[in-house]
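This report concerns only the one structure given below.
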Amino acid sequence: MRKLKNYLISALVVIPLLIISAPFRTQPTETKAALYSRGYDSIEVSHGFAWFECPSGYLFATEFDATDPFGNRVSGCMCSGSFRERAILFY
């Protein structure tokens, strides 16, 4: 019973911290720069943190909408981390 109580208390502390920290785990400026350098245009980074979109090991996950070099409208997420390369994922 005591272990269950400790797990619940931990969850009540950790979950709100994750939710509060989400807006600080985006990199809108870096996302725009990375997409512009790859030929994307009309980039909108208004969605904020991309929950569950990046593989493990990435600290930052920024959702975006953009126009690709061929004129198609695309949506996706840029994942980045301290010791990882940037990854751009499209939905």
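Quick notes
- Complete set of residues in segment 51-63 that are in a strand (DSSP E or B) and at pLDDT below 85: Phe60
- Looking only at residues of segment 51-91 that are crowded, with 19+ Cβ neighbours inside 10 Å and of a type in the set (Ser, Thr, Tyr), we find that the one that is farthest from Gln27 (Cα to Cα) is Tyr58.
- All positions within segment 22-50 that are farther than 13 Å from Ile88 by Cβ, at pLDDT below 90 and surrounded by 13 or more Cβ atoms within 10 Å (Cβ to Cβ): Ala22, Arg25, Thr26, Pro28, His47, Gly48, Phe49
The values are calculated or read from the model by the stated rules, or taken from the named source; none is laboratory data. Because the structure is a prediction, the values reported are computed rather than measured. Here the Cβ is made from the backbone with ideal geometry for all residues, glycine too, and neighbour counts use every protein chain on show.
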